[in-house]
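Laboratory data are not the source of any read-out in this text; all were calculated from the coordinates shown. Treat the numbers as computed from the prediction; the structure is a model and nothing was measured. Cβ coordinates were reconstructed from backbone atoms using ideal geometry, including for glycine residues, and neighbour counts include every protein chain displayed.
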Amino acid sequence: MRILVIEDERKVASFIKRGLEEERYIVETAADGEQGLALAMDNPFDAIVLDVMLPKMDGYEVLKALRDEGNATPVLMLTARGSTEDRVQGLDLGADDYLTKPFHFEELAARLRSILRRSTTEKTTRLQCGDLTLDLVTHFAYRDEKEIELTTKEYALLEYLMRNKERILSRSMIMQHVWKHNFDPESNIIDVYIKRLRQKIEKPDQPQMVQSVRGVGYRMREIADNTPRGDDDE
Ligand code: CA
C-alpha cells in the first residue's frame with residue numbers, strides 16, 4: 001500500500017513516515033500543499049494523510065482540488081484545531097476521517113487501516129492466490145499455514161501482484177507502484193526483488209506463481225496442481 005503524507009512540520013512528517021514504514025507501507029512525503037497535490041494527481045496512492053495547516057495551499061484547498069478533479073483517494077485529515085466547524089468542513093469536502101493533533105501513532109495507523117478497508121470494494125482483509133494468503137492487516141503472507149515474513153518492499157510488490165493476479169504488469173507499472181516514481185528505468189531492482197519473493201513464496205517442486213513475461217514484466221498466476229511449468233526466461 002502506498003501512502004502520501006502531506007505535512008510541513010518535518011518532525012511530524014518523519015515520525016509518521018517511520019511508523020508507517022515499520023508497518024510495511026510505502027510512504028512518500030510532501031512539505032507543502034502544492035507539491036502534495038501534484039504528487040497525488042500524478043501517482044496512484046492508496047491513501048493520503050493530509051495536514052490542514054500547510055504553506056502555499058492549505059489542506060482544505062488540496063482536498064477540494066483533488067475531489068474536483070475526480071480523485072477519490074481516501075484522505076485522513078490532521079488538524080491542530082479543536083473546533084467542530086473545522087472537522088465538519090473537512091468531512092464536507094470529502095475527507096474520509098480526521099485526527100486531531102497531537103495524536104498517538106497507533107491511532108493514526110488504526111484510522112488509516114479503517115479507511116483503507118472501507119475503500120477497498122471487496123471489503124476484505126486478506127488476498128488469496130491459490131494456497132498463498134496475504135494478510136493486509138498484519139502484512140504477513142501464509143502458505144500451507146506457514147508464516148512468511150516480508151520486508152516492506154517485498155510486501156508492497158506481492159500485494160500489487162496479488163491485487164492484479166492473472167494480469168500482466170509491466171516493469172514500469174511495478175516501478176511506479178512499488179518504488180519511487182523517479183527510479184532509474186534501467187535498474188534491475190524489480191528482477192532482484194521478484195527473485196527474493198519467489199524464494200519466499202514458491203515451492204521448488206511446483207509451478208511458478210510469479211511468471212516472467214518476456215520483455216514486458218510479470219504476472220501472478222493462480223496455479224493448480226496439474227499446471228505445467230510455464231515458460232521461464234531466467
Ligand atoms: Ca502544518
Lysine pair count for the chain [Cα-Cα under 19 Å; pairs on different chains or 8 or more apart]: 16
Theoretical gain in end-to-end length, residue 189 to residue 11 [0.36 nm per residue, Cα-Cα removed]: 61.1 nm
Net charge near residue 57 (other residues with Cβ under 9 Å of its Cβ; Lys, Arg +1; Asp, Glu -1) is -3
Starting from the amide H of residue 148, placed 1.01 Å from N in the peptide plane, find each other amide H under 5 Å away whose residue is 5 or more places distant or on another chain. 141, 142, 143
Please work out the Cα convex hull volume for the stretch 2-119 and give it in Å³ per residue. 90 Å³
Put a dot 7 Å past each Cα toward the Cβ at residue 100 and residue 84; how far apart are the dots in nm? 1.2 nm
Cut-off 14 Å between beta-carbons: net charge of the residues surrounding residue 110, Lys and Arg +1, Asp and Glu -1: -1
Please turn the phi angles of the stretch 14-29 into ³J(HN,Hα) values with the Karplus equation 6.51 cos²θ - 1.76 cosθ + 1.60 (θ = phi - 60°), one per residue in order, whole Hz, x for glycine and proline. 6, 5, 5, 4, 4, x, 5, 5, 5, 8, 6, 8, 8, 10, 10, 10
P(r) of the stretch 126-220 over all Cα-Cα pairs, binned every 5 Å from zero, in whole percent: 2, 13, 27, 26, 19, 9, 3, 0
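Taking 0.36 nm per intervening residue step and subtracting the Cα-Cα distance, what contour gain separates residue 164 from residue 147 on full extension?
3.9 nm
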Would you look at the GNM of the chain, springs on alpha carbons closer than 10 Å, and say which of 193, 60, 25 moves the most? 193
Going residue by residue through the stretch 192-202, the Karplus relation 6.51 cos²θ - 1.76 cosθ + 1.60 with θ = phi - 60° gives ³J(HN,Hα) values, rounded to whole Hz and with x marking Gly or Pro, of 4, 5, 4, 4, 5, 5, 4, 4, 7, 9, 9
Step through the residues of the stretch 146-156 one at a time and calculate ³J(HN,Hα) from phi using the Karplus curve (6.51 cos²θ - 1.76 cosθ + 1.60, θ = phi - 60°), rounding each to whole Hz and writing x for Gly and Pro. 8, 7, 10, 7, 10, 6, 4, 5, 4, 4, 4
Test of understanding: express the Cα radius of gyration of the chain as a ratio to 2.2 N^0.38 Å, with N the residue count. 1.10
